[in-house]
Amino acid sequence: MLSPPSVRHPRPSPRSRRLRTWLILLVTAVAVPLVLFSGFLLVRNVKAQARETERLVRDRAHLLAEDVDREVARLIAAAEVLATSDSLAVGDLATFHRRAVEVRDLLGTNVVLRNLANQQIVNSRVPWGTPLPVNTGFTADQRAIATRKPQVSGLIMGGVTRAPLLIVVVPVIRDGDVRFLLSLTITQERLQTIVSPERLPRGWRAGVIDEDGTVIARSHQAEQFVGKSLSADLWAGMRKSPEGIHRAVNLEGVSAFQAYSRSETAGWVVATSVPKSLMAGPAREMLLLFVGGGLVLILIGITAAIGLGRRLMRPVAQLARAAEALGAGRLPPADAAGILEIDAVANAIRNAAGLIQQREADLAESEARNRAMVQTAADAMVVIDDAGIIQSFNPAAERIFGYHAEEAIGRTARILMPEPCHSADDVDVVTCLSMGDRRGSGAGRDLMGRRKDGTTFPIELAIADWTSGQRRYFSGIIRDITERKSAEDALRASKAEADRANVAKSKFLAAASHDLRQPVQAMMLFQSALEERLAGHPAFRLLKSLGEAMGGLRMLLDSLLDVSKLDAGLIVPTPVDMPVGPLLERLGAEYHAQAVAKDLRLRVVPSGATIRSDPALLERILRNLIENALRYTERGGVLIGCRRKGGNLHIDVIDTGIGIQPDKHEEIFEEFFQVGNPERDRSKGLGLGLAVVRRLARLLGHRIELRSLPGRGSMFRVEVPVVVLRSSGSGKPDNVHPVNGHPVNGHPSLILVIDDEPLVRTGLQAMLESWGYGVLTAGSIQDAVLLVDSGKWPDAILADYRLRGGETGLNAIKAVCERLNVPVPATVITGDTAPERLVEVRAGGYALLHKPVAANDLRNAVVEMLSVAESDTRLCAEGDHAAPGGSC
């Protein structure tokens, strides 16, 4: 319901004006831009007219110059024809005189033939035979003789007529010399015809000036100005360029706009001018019309505005009375003003009463709804002021904190917070609520709350600030997150348990790998020894099959070791600049026989690129990819090639094999996952090759890309960085081929084998002896020391890492070297795949082989050790003295 407030009539503002004034200002505001725009158009039009006049003046000067050129060119052409006439060539001057008279009558000129002494010989103006005078020399004569080309003179006085005229002088050349001068006159009347007033717009002037700046023809007052020279300043400006336009005072003393153009044939200047008063006349008339018309239109508009203002005053006053009635709570009158807009405002005022009543009802409903939401909300809602005093406390807050609303409202919000905020009287409550975290309005943060009984619990708090009047308030939504925190703690505990299980798995794999490698190592050693002894025996084929089976088991254990090393981060890449071509060619040669065995084509595209990578690790990646391609391709072939893109080189291994389903592109890089091998056929690998590829690629920073079509084939791409091609140094051989019995210091090599497993010792002894080496075997450190004390000094040591009684092969090697008082090359053999073993053995400076060891790998290791021993012996022999004990 409307309540009538006290009505106050506001004082008029100092800037308030009557409606008629605003209408006048409106008319003025509309008229002024129009006047300004019209003025702009007027100025633009005047400038355009001036530019057009300039163009016309320039064009007229150019046109008149062309007319002068044509006139002079016509006379020059006639003179050149006469100069080459036959009668003049044979000296028939009478006939030449008749020809000259014909030219005179045709062109309206006079023809004079003179010798170089300026004696007239022929003059078409007088009959033939009349005595003729001697002319004075002209400047044009000298130029014609010097240049041997036609010349045009300036203004001169005729020798017979004593009238001003101009001549065209053409040299007559005979036998390479100038014999005569032939001149044709250009009368002033002819030039006056070219610049006559009839050929110019009204008020325009035109004239012709010779090369000396003398007026030789003029459209107006020719008798006064012909023969006079231009001022030095004006003529200096006109001589500099062949044409131009400028403002100057003409010969009549009138300020004018002048344009000039130079005749190309005669060299004269033709000028046209327009008085400034003639150019400004149209613009002045247009300006007067514009100013007068504009003032009349503005006066008409102001008069109309005053009349309309009086018409609008009455309905506006009625509208003001209706607004006063609305403010007083009364219904406004329903009088129609007859003006649509004012009637619309009056209707809006009448509707405002109903709208105000509706808004009051809606406000009451909204307050009730918000109150219900706050009272039934599951989260606590607390409102505090800027002093930290609680203003509102909903039932959820009562349930969470244990306070009744009557207890909390009016108290500081510190009662809801634990130490230090609870007892810190000098701490700002809002700062304690946000814990110093000034995030955006409504942002949630986790902190601790305090119940009435003093217990604390985790809460999530979101704060929004708002103002009412001059006061600032903070609304906080608080949620008890005790259960969520418990769930998070349980999740962290589960993750820790999973991490422990993963560590236990790694330890189990390492231990299982070690325990498996021991018997497998012995089996491989015996198989290799038997293979050499039973060559040609009927059981040799079965022995070869046994070796292949042992090789498969060794491959599984080696793959597990590779994954373990990569996961432990023990492999550190050493990138170098390397040519990729030799690596690809060597791999192609190595796998060629395997491809031929499966009736496949293996092609390597040569590449001269140089890349940056770790040669050994990159080779391992490519080997795994090539082996996979050959393993899963039954027909077609495998292509290995490179393609450069930007700063990288793409090394592609493409096959025509079974392909890979799109949903398996990620799974194939997981451990033990294989495509198309549900029966786990060992000939198709173990499912670890691509897992190793991905780990090595990540280690090197190389990107691996897979594209595949099921049934069509696959492409694996390795992206490596390209570097500038550099020449490489010396190469390194891929394999070491030992010589049986490799002698050291002149006697057969002696190898000390230390292993606590009798089978392994026996197998190693059999294999080494089959290669021609002497072998000493020991099962413990004590046995090894006793052998050394008996005078049997080994050239190299093969020691198992794990011995009985907690002893290690490293301890055994150290004990032997200390007893000999000389270092002995040694290799540690172990079945333990734990990453720590690699670090420990490398720290001792020894080589490391993992069981089961292939015969070729063992042979290479022995040869490497004996090479070191032989090198040490040679260095000792070249030294100044021997080491204690008689050995270096």
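How many residues are under 16 Å from Arg717 (Cα atoms) and not aliphatic (A, V, I, L, M) when one looks only at region 613-635?
So the answer is 7.
Of everything in region 620-640, what is surrounded by fewer than 18 Cβ atoms within 10 Å (Cβ to Cβ) and free of Cβ contacts under 8 Å to residues at least 40 places away in the same chain? Give them in sequence order.
Arg623, Glu634, Arg635
State whether one or more residues within region 858-867 are surrounded by 19 or more Cβ atoms within 10 Å (Cβ to Cβ), at pLDDT below 85 and under 22 Å from Gly763 (Cβ atoms).
no
Take the conditions of a type outside the set (Asp, Glu), farther than 16 Å from Arg179 by Cα, in contact (Cβ under 8 Å) with a residue 60 or more places away in the chain and surrounded by fewer than 16 Cβ atoms within 10 Å (Cβ to Cβ) and apply them to Gly129. Does it pass?
no
May I ask you to list the residues in region 82-112 that are without any contact (Cβ under 8 Å) to a residue 60 or more places away in the chain and closer than 19 Å to Arg190 by Cβ?
Ala100, Val101, Glu102, Arg104, Asp105, Leu106
Can you say whether Val101 is among the hydrophobic types (A, V, I, L, M, F, W, C) and part of a strand (DSSP E or B), as far as the supplied structure shows?
When the stated conditions are applied, Val101 does not pass them.
Which residue, of Ala593, Ala589, Ala597, Ala616, is at pLDDT 90 or above and within 24 Å of Arg631 (Cα to Cα)?
Being at pLDDT 90 or above and within 24 Å of Arg631 (Cα to Cα) holds for just one of Ala593, Ala589, Ala597, Ala616, which is Ala597.
Quick check: is even one residue across region 717-732 crowded, with 18+ Cβ neighbours inside 10 Å, at pLDDT below 90, touching a strand residue (DSSP E or B) at 6+ places or on another chain (Cβ under 9 Å) and not in a loop (DSSP other than H, G, I, E, B)?
No, region 717-732 has no match at all.
Have a look at Ala50, Ala65 and point out the one that is part of a helix (DSSP H, G or I), of a type in the set (A, V, I, L, M) and crowded, with 17+ Cβ neighbours inside 10 Å.
The conditions single out Ala65.
Are any residues in region 132-152 surrounded by fewer than 13 Cβ atoms within 10 Å (Cβ to Cβ) and outside any loop (DSSP other than H, G, I, E, B), and if so, which ones?
Passing the criteria: Val134, Gln142, Ala146, Thr147.
Would you mind finding the one in Gly772, Gly805 that is in a helix (DSSP H, G or I) and either under 20 Å from Leu525 (Cβ atoms) or of a type in the set (Gly, Ala, Ser) (or both)?
One residue alone meets the criteria, Gly805.
Have a look at Leu56, Leu113 and point out the one that is part of a strand (DSSP E or B) and either touching a strand residue (DSSP E or B) at 6+ places or on another chain (Cβ under 8 Å) or not assigned by TED's automatic domain parsing to the domain that holds Pro201 (or both).
Leu113
Please state which one of Ala487, Ala462, Ala501 is at pLDDT 85 or above and surrounded by fewer than 14 Cβ atoms within 10 Å (Cβ to Cβ).
So the residue among Ala487, Ala462, Ala501 that is at pLDDT 85 or above and surrounded by fewer than 14 Cβ atoms within 10 Å (Cβ to Cβ) is Ala487.
Got a sec? Which of Gly659, Gly687, Gly676 is part of a loop (DSSP other than H, G, I, E, B), in the same structural domain as Asp577 (by TED's automatic domain parsing) and at pLDDT 65 or above?
From the options Gly659, Gly687, Gly676, the qualifying one is Gly659.
Somewhere in region 86-94, is a residue among the charged types (D, E, K, R) and in a helix (DSSP H, G or I)?
Checked region 86-94: at least one residue is among the charged types (D, E, K, R) and in a helix (DSSP H, G or I).
Quick grid of which residues meet (1) in contact with a Gly (Cβ under 9 Å, 6 or more places away or on another chain); (2) modelled with pLDDT under 80:
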{"residue": "Pro150", "(1), (2)": "no, no"}
{"residue": "Thr161", "(1), (2)": "no, yes"}
{"residue": "Leu165", "(1), (2)": "yes, yes"}
{"residue": "Val168", "(1), (2)": "no, no"}
{"residue": "Pro171", "(1), (2)": "no, no"}
{"residue": "Gly176", "(1), (2)": "no, no"}
{"residue": "Ser183", "(1), (2)": "no, no"}
{"residue": "Ser196", "(1), (2)": "no, no"}
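Looking at region 72-86 only, could you name the residues that are touching a Leu at 6+ places or on another chain (Cβ under 8 Å) and either surrounded by fewer than 18 Cβ atoms within 10 Å (Cβ to Cβ) or at positive phi (or both)?
Of everything in region 72-86, just one residue is touching a Leu at 6+ places or on another chain (Cβ under 8 Å) and either surrounded by fewer than 18 Cβ atoms within 10 Å (Cβ to Cβ) or at positive phi (or both), namely Arg74.
I'm told Leu622 meets every condition in (1) on the phi > 0 side of the Ramachandran plot; (2) at pLDDT 90 or above except one. Can you identify the failing condition by its number?
(1)
Provide a single number: the residues in region 382-401 that are surrounded by 15 or more Cβ atoms within 10 Å (Cβ to Cβ) and farther than 18 Å from Ser468 by Cα.
8
The values are calculated or read from the model by the stated rules, or taken from the named source; none is laboratory data. Keep in mind that what you see is a predicted model, and the values were worked out from it rather than measured. Counting neighbours? That spans all protein chains shown, and the Cβs are built from the backbone with ideal geometry, glycine included.
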